[in-house]
């Protein structure tokens, strides 16, 4: 059995066999891929790549030289995935901004491992905007340019599936909240 963390990674599995024995690998795991060692003769190594798990724990298996190897992956951090929520303006905001606005987005890691938020706020004419997201424990912060630069701060709940916080920019401030979808 092979156990992988929710953040994903690579793993190598040694194949021990006599020097003249040939072997192959078959996979029934849809969440990982064999990146090297799909077949060989004699001892060898099979390497798999497992992407970050944005959901619940998952399991799959490999058949290597006729032997089953189970691959288990822990649940990923629930903060990564699709979100939706509401922004409610408070004092000092332009009357052109709506009193409240629905938003949706995805919190993810980019190719370099940095956190980012792909967000849509249709009422504020923000569509598919990718923003840098600072995550520090259960605190998150991002900055959104609309009519001025707004700083959004929030605190994640203990299960990391919802948050509530405040925003401010110029003379405008208010609250926002979100729930993992």
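Its Cα gyration tensor gives the range 2-73 an equivalent ellipsoid; the semi-axes, largest first and in whole Å, are 24, 11, 9. Maximal additional length on extending the residue 63-residue 157 stretch stands at 29.8 nm, based on 0.36 nm per residue less the C-alpha distance. Between residue 17 and residue 38, the distance separating the two model label sites (each 7 Å from Cα on the Cα→Cβ line) works out to 1.6 nm.
Here the translational diffusion coefficient of the range 86-145 follows from Stokes-Einstein with Rh set to the Kirkwood radius across Cα pairs; for 25 °C and 0.890 mPa s it amounts to 192 µm²/s. Normalised by the number of residues in the range 81-180, the mean separation of alpha-carbon contacts (under 8 Å, six or more apart) gives a relative contact order of 27 percent. Residue exposure proxy: 63, 121, 107, ordered by other Cβ atoms within 10 angstrom of their Cβ from fewest to most, comes out as 63, 121, 107.
Size descriptors for the chain: radius of gyration and Dmax over Cα atoms are 22.7, 79 Å. The convex hull around the C-alpha trace of the range 81-180, projected and averaged over every direction, spans 5.8 square nanometres.
Shape descriptor for the range 124-164: Rg over Rh equals 1.02 (Cα atoms; Rh from the Kirkwood inverse mean 1/r).
Distance from the Cα centroid of the range 49-117 to that of the range 21-48 is 29 Å (rounded to whole angstrom).
Bear in mind that the values in this text are calculations on the coordinates, not laboratory data. Computed from a prediction, not measured in an experiment: that's the story for all the values here. Cβ sites come from the backbone with ideal geometry, for glycine too, and all protein chains shown count toward neighbours.
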